[in-house]
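Report on the following structure.
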Amino acid sequence: FIPHIIDALAYNKMNVLHWHMVDAQTFPYSSSNFANFYKAFWCPKCYYTQDDIKNVIEYGRLRGVRIVLEFDMPGHSYSIGQAYPGLTAKCPAYSANINNIPLNPAQNSTYEFIESFLSEIFDVYPSRYIHTGGDEVVYGCWSSDPSIQQFMIQNNFGNNYNLLMNYFEQRLNQILSNHGKTPIVWQEVFTSGVKLPTDAIVQSWISRDVLHQAVVAGYRGLLSAGWYLDQQIPGQPTHYEFEDTWIN
């Protein structure tokens, strides 16, 4: 299916495929370092291998389409917790919605996982740019986890979970820097006050105003707001609903 998408992009003179490979619902990657990921597959055969990633990248290259992978973190990490429960925050009151579950940024094992996992991906992913997500992190889940509460106290963060988000992103971006990679992030990373690398790219999916703010702050930007095919009426909550695309 993905090669068909790449073909369609090439036919229409588009040259980038943003491949959002993982989400809360599934972590479809067969890892040589993390054997338990099979527990996070949508179905037993619903996964990609390193060879699959290499083949997609090469298929795109031959057609002038750059592949940009996204591994969303720290939010949307329920699927990671299915494979490795110790990596995600513990917040029973929020567990009814799997999109509420983020990584636990208060423990070194989280960053050890990220380093090992991304190192494996980077073996077959030559692009300078990697999308690390950062959207829709549910701070309420973090605030419900006793280990994270203790970490906040120890680091004098008070109740400001933007500071914890900044801490996570600083450690993540150091890992990326060590591998010569440049982060692309969703707009919430910027609006939460995270100090990003100067070459980072901020992708605005909610507001054009945030794109302008990011550019004024010295970052490069990508605009997705207004271009979602499932939201044909700007400003109205039409995500995931059928809309008459000829209405406007």
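Each part gets one Cα centre, and for segment 152-167 versus segment 90-133 those centres are 19 Å apart. For the chain, carbon and sulfur atoms together expose 54% of the accessible surface, with a 1.4 angstrom probe and every protein chain in place. Normalising the average separation of contacting C-alpha pairs (under 8 angstrom, six or more residues apart) by the number of residues puts the relative contact order of the chain at 14 percent. For segment 23-138, the solvent-accessible area works out to 44 Å² per residue, with a probe of 1.4 Å and every protein chain left in place.
The values are calculated or read from the model by the stated rules, or taken from the named source; none is laboratory data. This structure is a prediction, so every number in the text was calculated from the model and none was measured. To get the accessible areas, we keep the full protein, side chains included, count just its heavy atoms, and leave off ligands, DNA and RNA. Shrake-Rupley method; radii C 1.70, N 1.55, O 1.52, S 1.80 Å.
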